[in-house]
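Computed from the coordinates by the stated procedures, all read-outs in this text should not be read as laboratory data. It should be emphasised that the depicted structure is a prediction, and the values quoted were computed from it without experimental measurement. Here the Cβ is made from the backbone with ideal geometry for all residues, glycine too, and neighbour counts use every protein chain on show.
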Amino acid sequence: MTYAVEYRIVSDLIGQPGSVFVPKPGVNVEALLQGGFIVAVAVSTETAPKRRKVKPAPEE
Amino acid sequence: MATSQYLSNPVVTVNSVALTGFCTAASVIQRFEPLDTTTFGETDRTYVKGLGNHEATLTLLLTYAATQTYATLAPLVGTTTTVVVKPTSGADSATNPGFTLTGALLAELPVINASLGELQTVDVVFQGGVYSADVTP
């Protein structure tokens, strides 16, 4: 399994709590983490396997 | 006729944190160091534009509660960040430019400034960085 780090908003001074935080250029992410404004969450980068299409059985 | 705008609701953002509700004064200065080009025979000093040396100064109510002013500023001391000050809360536009310093240094932070019977305020200065006045919504 491979993971990527994603940031989630904790404080409403940053945005909607719970939503993903995408830092703009120049933003000090470490300071936001240290201050408790956002949290880092590991998310899987693997995509779920596609479901096989099963043809319905012909009606008799 | 000259007009002046009464600003009662400017927007202040430091490192993406909205500090509007803690800020009582804000200024952003676009500044270039003047380089002296005066030569012999001239009677007045003349200058050309040198390096940009911009500055943003904020007066903030200092609170140590979680995710408020101290939590915003303390991790930034000695690092660079982005500061945005806008006249109003509307979208960026020619009449509401987002004055931005990107990569400005917070060199020092007064961590306590107590006076009897007064709310605690501190003045913080962000120095340098790239200045822009964003007018694109």
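Of note:
- When the Cα convex hull of the protein assembly as shown is projected onto planes of every orientation, the mean area is 23.2 nm².
- Fewest-first ranking of A:Ile38, B:Ile29, using other Cβ atoms within 10 Å as the exposure measure: B:Ile29, A:Ile38
- Which of A:Ser11, B:Ser4, B:Ser16, B:Ser89 has the fewest Cβ neighbours within 10 Å, and the rest in rising order: B:Ser4, B:Ser89, A:Ser11, B:Ser16
- With viscosity 0.692 mPa s and temperature 37 °C, the Kirkwood radius over alpha carbon pairs of chain B converts through Stokes-Einstein to a diffusion coefficient of 197 µm²/s.
- Other-chain or far-sequence residues with amide H under 5 Å of B:Ala107's (modelled H): B:Gly78, B:Gln127
- Distance from the C-alpha centroid of the range B:1-72 to that of chain A: 36 Å, rounded to the whole angstrom.
- Ranked for footprinting exposure by Cβ neighbours inside 10 Å, fewest first, B:Thr100, B:Thr46 give B:Thr46, B:Thr100.
- Contact order normalised by residue count of the range A:3-44, Cα under 8 Å, 6+ apart, percent: 54 percent
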